[in-house]
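The values are calculated or read from the model by the stated rules, or taken from the named source; none is laboratory data. Quick caveat: nothing in here was measured; it's all calculated off a predicted structure. Note that we place each Cβ from the backbone using ideal geometry, even for glycine, and neighbour counts take in every protein chain shown. SASA here: full protein model, heavy atoms, side chains in, ligands and nucleic acids out. Shrake-Rupley method; radii C 1.70, N 1.55, O 1.52, S 1.80 Å.
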Amino acid sequence: MRAKSKQWPLSIFLLKEELTDVDAAVRSARDIHRIPIGRGRGTVGPLFYRSTPLRPPRWAAFFGSYLDAKDILCAGVAAALIVRADDRLFAVTFGTGRHLPTPGTFQEGFGLRVTLNSVSPESIRMIARKTLDATGCRSREQASRNIPIIEFGVGIGEEVLCGVIETPRGQHPRDSHRWRGRPLRQRRNGSRGSSITA
C-alpha cells in the first residue's frame with residue numbers, strides 16, 4: 001500500500017514589480033528574525049519569522065474562574081519565505097506570516113489571473129461575487145454540475161468576481177481548483193492533483 005503524501009497548503013503572494021530588495025519586502029522590527037534557506041547555488045531565499053511567547057488566548061477571560069488559563073497556553077509563529085523568480089519577488093507565507101511583508105507590497109489581482117489561467121471557463125462549479133454599489137452585497141452560487149462560467153450571468157461593470165471553484169472531470173469535489181481573495185494557495189496532494197486557492 002502506498003503511503004499517503006503529506007499536504008502542504010501554500011499561500012503565495014506576488015510582490016510589486018518595483019520591489020527588488022528582499023529586505024525591503026518585510027517589515028523591519030527587532031522581533032523579526034532572518035535565516036537563509038538552502039546552501040550555495042541551491043539557496044531558495046531568506047525565511048523571516050516572528051514568534052510570540054506562550055500566553056492564554058484572549059477568550060479564556062470569558063470563562064472567568066471556571067477555567068485555569070495556565071492550562072491552555074498557546075504560542076504563535078508567523079513566517080514568510082521571500083523567493084526570487086524571473087526578476088520578481090514572491091512571498092510564501094506560513095501561519096500568520098501574511099502580516100510580515102511591508103504593507104502595500106502585494107500585487108493586486110495576482111491570484112485571480114493565475115486561477116483564471118488554470119481553470120477551464122467551461123467547467124465551473126461555484127462562483128462568489130460582490131456588487132459594485134454602495135452596499136457591496138456578496139453572494140455565492142453553486143451549480144449541481146460543472147457549467148460554463150457565462151451561465152452564472154456575472155454582471156460586467158456591476159459585479160466583481162470574488163471566487164471560483166472548478167471540479168476537474170473524474171475527480172471528487174474536494175480536489176477542486178479554487179480561487180478566493182488575494183493570495184495564491186497551492187495544496188500539493190500527490191496523485192490527486194493540486195487545488196489552487198487564491
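Legend: calculated FRET efficiency, Leu116 to Val77, from the Cβ-Cβ distance at R0 = 30 Å, rounded to 0.05, equals 0.35.
Put Phe110, Phe62, Phe94 in order of accessible area, highest first, and with a 1.4 Å probe you get Phe62, Phe94, Phe110. At full extension, Tyr66 and Arg88 could sit 2.7 nm farther apart than now, given 0.36 nm per residue minus the alpha carbon distance. Between Asp31 and Lys130, full extension at 0.36 nm per residue minus the direct alpha carbon distance yields a gain of 31.8 nm. The convex hull around the C-alpha trace of region 91-131, projected and averaged over every direction, spans 4.7 square nanometres.
Multiplying the residue separation of His99 and Glu18 by 0.36 nm and subtracting their alpha-carbon distance yields 27.2 nm. Scaled to the globular estimate 2.2 N^0.38 Å, the Cα spread of region 1-92, given as radius of gyration, is 1.53. Annotation: region 34-165 has a Kirkwood hydrodynamic radius of 19.2 angstrom, from the mean reciprocal C-alpha pair distance.
Remark: accessible surface ordering of Leu116, Leu67, Leu15 (largest first) is Leu116, Leu67, Leu15, probe radius 1.4 Å.
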